[in-house]
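Colleague: There's a structure below that I have some questions on.
A short reminder: the numbers here are calculations on the coordinates, not readings from a lab. The structure displayed is predicted, hence computed values, not measured ones. Positions of Cβ are backbone-derived with ideal geometry, glycine not excepted, and every protein chain shown enters the neighbour counts.
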């Protein structure tokens, strides 16, 4: 018996990846996929490897036929659809930023717009490997973390939970992302000719919106707000994130154990053996996060986290969360990985 | 004493390259540069290596202050500016398609729009190495060839002029271009993520607009229309064209001599020695065309032509034409090459 | 019950892809993998996503434990291993060039070395979609075609079989391949810095070794030798081939029907609908060939064939052949595709 | 009157760039170029845009005909040639690591080999914009800094000189380099297929050899050794370095002034206006360093430094040093830039 789902916003990079995973998921049937700009077309017209799915506008979406809605929509457009789905008893996995921030005032501060549906907040914000999974079964709604946030938190939280950061030190995350993180809407700065041979920092320091969700979770784990220094850079490749975390810590041995304790046995988060370093080659086109630990001095640890921004940073993590929500095996449809639509 | 010029359409890839060349041209002063969408800004805001040129709208352009207008505008928007310039005694180098086709009916057939200024036609269409240069001195207006057309004609015309093509054989040009040929206006298909790792043919056979100008020149050289088979492909790189020409010919020795006769001594068109093959590495970021000849059978010759689509295929060829028009040394400002803005 | 296999030459790009496919193949167990240079290491040390397979030298290979040997070895090193395997009753899928050419004299002409095991010849040369599959069941040995040859023959043979080529016309294949086709042995010309931003023809005309196998099959289908013009080019991407075939034919309608007749219903060869053109994006990291047909004039047809050179051009086609040889479903282990090691 | 020079090690990426610059330098004549592996060939056989320079082995080098030797040799092979040149009164610009470290014991510690010519040490280590230029005129020998070191020191030294780093804080340099930094000797990890779509850290923490020269200069400027945390990453592009420096400082205003004071008026080091961030697009194929400053909190400043690793990180800086050594204008042959051979 399949769980019936609808995918809202199927034509972006995240939506395409999600469709690719769900098509091969043995417990799922995709009942519809939406696109405002391409309603009436087949998804295959937009992407040569996508399935031949007829696209409808979100206004036409038959909520009564689905058990779960995946929302791959821009922020501010996602929360209203979530509200509509939840009203009708449809569960929601929201891949947008709309439901990630508990406090609508913080949302407004970072997104420069009033939260469209503050009544929905708070919603569980779930990186499964850093969450209490048992609480998620039967959750009506999950906020799927951002790509940079997933990478950063996988590197920071194991240390934060154990209280290992030295007080009053900055927590520096130098992050590098492939271009698909910027989406499929055409802009000059994501044109091939602008990116090829180029590389640069942007919104560095404390300017990028993902700081809001990363720091929310850091605070939840006991750290003070304001300590995160987050520097994104744009890589001349299509997909993948490397986050290089510079952590000043009180106890190196405990730090290494913290990662081991957090991630040992996890099928989708791999700690590399000492001496190996995480690379995009470990993770692109996979649902994995790969982490390496480099102790440098007694108190400085470098944590390198690699993920595919569209998968562990978005769509495959959404399917992990979906599986947890419906009581399925967390890696169902994800191992071995058979996406490959985007 | 400098020749005063204005550049219309300075913010596209062609315009930027042209500005870069003209800035270093010892006989030129750029009096203004235009952009409709970015008027009021400095060109440097749009491109980090561009000079700090204040952009005006074309409506504000002071034609009375310039000797020559370079038009890097979209087709249909270029010819009216050319007309206005010529009226005021300003010479014109038009890099658009507007003045390339002698017959406005042919223009309309390929560009699906009536020619905006048929009274300007015909205008000399000039690849200097294939033209009677002495006629150009004091020409009021020159049509600068398209990028694909430049590459194709450099490979075809030496054979055509000598009457070496076997009758009733197709003349096949399999061409491959970097992405900058598609311009700087954001479109989905030129996004980094769509091009990276990809490659494909488009508008192959007899569908691409450059067929009109290539065949016009082939006919002028004595060939029948309709014989050209032209297959463009999009390369995952920023710049450069390789045109691979398959020519069925009557006399191989005469064919090799035809190229030698046509291009020996040319500073900007290099024939490679036997056994070497043209590559993008020979030409990108240079004003050169590099050509290699591969006799295969007694009657089949492969001609490989490499150019930088933005330079020999557009802006540096425009400066060659400008130099000829004003009686300057043809390579002034081009050798050694000092562009590098785009 | 699994079929036990050994993979000879597991560390090259083709070997890695093959290992990735076989690991997920439900009817296969990989008993060993060989490497001369890396014997004693785990395959994972060489490639971060490869399984943790211990590598042995081919001299240590226990032929008595396997049912089938896959040979991903350089030419001249492959045939002797094939001979040894066949002697011991082990079936062979040879991905090298050694068993592709029926006539050892032709092999010597192209490979400039005497054939190491002429007694093995001829061996069935199998692109399944162009072969009599029923004859392959229980074949002891199959020669797996080259990557360029697979692409070229998929575009040429349907026309050749129907006798549709106009007499005395050249059959031109302008082919473009990603860099993995050149293998993993470090050479200057395959360094990142030499390829990035570059593109060029090489060994064009009648110089590339794959001409020998392509023409062998063209002749088998009734064409005269010597008509093929084959021009490979090196693309700045990691994988994928586009072969653009220029065919002068006697009957366009029959030509289109020939492709339909040949490939309709094939799960791994897709004919695109009219108006769509094959691209690398259709095929990379899939076992598919995608073909588009562009009639240009009454007698000139352009056939565009796209494959992944490491998959349909090597390892997934090897698994198709393996499946046929062992009477399994031809697409077992290939659909949905779960490789992704290389 | 020209200064006669010889280039040792002309065929690597650094050597090629240097040849390209020197060919266009109005005060220089290249008398010879060496290569051990390619002696007897023309440089053009190795690189399609290089001049037609006949290569000799270094043993044949006529030191008596030159005024200056540029050494683009591997470490341990460079110092003996430097010694030979200096003996004969020939000045030396050494681009290798051999003469960068004052203390041969430190050299041995990092390079795992005894210094071949400790009697030559110390030698001035010169980033001109951070050095006392007047002392260099008539210097017999200059050690040209490493590429990463140039980028890191441009970001660190202005703060160090003014004593602005907070005590006991790590000085973190997260650096990203294009592949040409790894040289032209073929290795698996620099093959196109290994780098395309990939990105990763390597030798992070305190493991990379350039730490030795960076810390030597940091100590010279008053900082304690051991504070540098240096994390190189390999970018999927051919050239360029971005070094992102995380500096914890005592006085933000003084810090911004320190950069202004250090670099105002420098023709080859540009400080970007507030709000703009350094990118590879600012610097690739130019002799420039471009620096941006991002104050984050009262005590945390991010300094982003962009250079072309082959130019400001090697060959154009070598020519700056050469010009200073011979009393020429420092930017002679560099502005406008006309390299472009590599």
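Colleague: For chain D, what proportion of DSSP beta bridges, expressed in % and rounded to the nearest 5, is antiparallel?
Modeller: Antiparallel bridges: around 45 percent, rounded to the nearest 5.
Colleague: Where a ≥ b ≥ c are the square roots of the eigenvalues of the C-alpha gyration tensor, would you call the stretch A:204-283 rounded, which needs a/c under 1.5, or, failing that, prolate if a/b is larger than b/c, or oblate?
Modeller: The shape class here is oblate.
Colleague: List the relative contact order of chain A as a percent without decimals, with contacts defined as Cα pairs under 8 Å and 6+ residues apart.
Modeller: Once normalised by length, the contact order is 19 percent.
Colleague: Also: With the cut-off at 29 Å, report for chain D the share of all Cα pairs above it, as a whole percent.
Modeller: That tail contains 35 percent of the Cα-Cα pairs.
Colleague: Highest mean first, what order results for D:51-61, C:89-99 on Cβ atoms within 10 Å?
Modeller: The peptides rank, most packed first, as C:89-99, D:51-61.
Colleague: Count, for each residue of D:302-310, the Cβ atoms from other chains sitting within 10 Å of its Cβ, then give me the mean as a whole number.
Modeller: Per residue, the number of nearby Cβ atoms from other chains is 2 on average.
Colleague: For the stretch D:148-307, what's the relative contact order in percent, using C-alpha pairs closer than 8 Å and at least 6 residues apart?
Modeller: 30 percent
Colleague: Tell me the Rg and the Dmax, in Å, that the Cα atoms of the stretch B:148-307 produce.
Modeller: For the stretch B:148-307, the Cα radius of gyration and maximum Cα-Cα distance read 15.7, 47 Å.
Colleague: Shifting gears a bit: Distances in nm, one decimal, shortest first, from residue B:261 to the same residue in every other copy, taking the label point 7 angstrom along Cα→Cβ.
Modeller: Listed shortest first, these distances are 4.9, 7.3, 8.7 nm.
Colleague: Counting helices only, and only those DSSP H runs with n ≥ 4, report the 222 nm mean residue ellipticity of chain B as the sum of -39,500 (n - 2.57) divided by its residues, in deg cm²/dmol to the nearest 500.
Modeller: -7500 deg cm²/dmol
Colleague: Which chain C residue puts its Cβ closest to the axis that rotates C onto B, and at what distance in whole Å?
Modeller: C:174, 2
Colleague: Here's another thing I want to ask about it. Along Cα→Cβ at 7 Å, what distances in nm separate the residue D:84 label point from those on the other copies, shortest first?
Modeller: 4.7, 6.7, 7.9
Colleague: Compute the angle between helix B:210-220 and the longest alpha-carbon principal axis of chain B, please, reported from 0 to 90 degrees and rounded to the nearest 10.
Modeller: 60 degrees
Colleague: Pull out a ≥ b ≥ c, the square roots of the eigenvalues of the alpha-carbon gyration tensor of the protein assembly as shown, then state rounded if a/c is under 1.5, prolate if not and a/b is larger than b/c, and oblate in the remaining case.
Modeller: The shape class here is rounded.
Colleague: Now for a separate question. Quick check on packing: order A:260-267, A:116-123 by the mean number of other C-beta atoms within 10 Å, highest mean leading.
Modeller: In descending order of packing, they fall as A:116-123, A:260-267.
Colleague: Taking the DSSP beta bridges in the stretch C:179-301 as the whole, what percent of them are antiparallel, to the nearest 5?
Modeller: Within the stretch C:179-301, antiparallel bridges account for around 65 percent of the total.
Colleague: Taking each residue in B:182-191, count the Cβ atoms of any other chain within 10 Å of its Cβ, then average. What number comes out?
Modeller: 5
Colleague: In Å and on Cα atoms, what radius of gyration and Dmax does the stretch C:109-160 show?
Modeller: In Å, with Rg to one decimal and Dmax whole: 13.1, 35.
Colleague: Rank by packing, highest mean first: peptides D:131-138, C:305-312, A:22-29, with packing defined as the count of other Cβ atoms within 10 Å averaged across residues.
Modeller: C:305-312, A:22-29, D:131-138
Colleague: Shortest first, in nm, what separates the label point of residue B:54 from those of the same position in the other copies (7 Å along Cα→Cβ)?
Modeller: Nearest first, the other copies' label points are 5.7, 5.9, 7.7 nm away.
Colleague: Fewest Cβ neighbours within 10 Å first, please rank C:202, B:107 accordingly.
Modeller: C:202, B:107
Colleague: Taking the Cα atoms only, what angle lies between the long axis of helix D:78-87 and the longest principal axis of chain D, rounded to 10 degrees?
Modeller: Tilt of helix D:78-87: around 60 degrees.
Colleague: Please state the shape class of the stretch A:66-133: rounded when a/c is under 1.5, otherwise prolate if a/b exceeds b/c and oblate if not, all from the C-alpha gyration tensor.
Modeller: oblate
Colleague: To the nearest whole number, what is the average tally of beta carbon atoms from other chains within 10 Å of the beta carbons of peptide A:199-211?
Modeller: Taking the mean over all residues of the peptide, I get 5.
Colleague: Kindly express, to the nearest 10 degrees and within the range 0 to 90, the angle between helix A:252-263's C-alpha long axis and the longest C-alpha principal axis of chain A.
Modeller: Once rounded, the angle reads 20 degrees.
Colleague: Whole Å is fine, so just give me how far the alpha carbon centre of the stretch B:277-330 lies from that of the stretch B:157-191.
Modeller: Using only Cα atoms, the two centres lie 13 Å from each other.
Colleague: Let me ask something else about it. Can you sort D:100, B:285 from fewest to most other Cβ atoms within 10 Å of each residue's own Cβ?
Modeller: Arranged by neighbour count, lowest to highest, D:100, B:285 become B:285, D:100.
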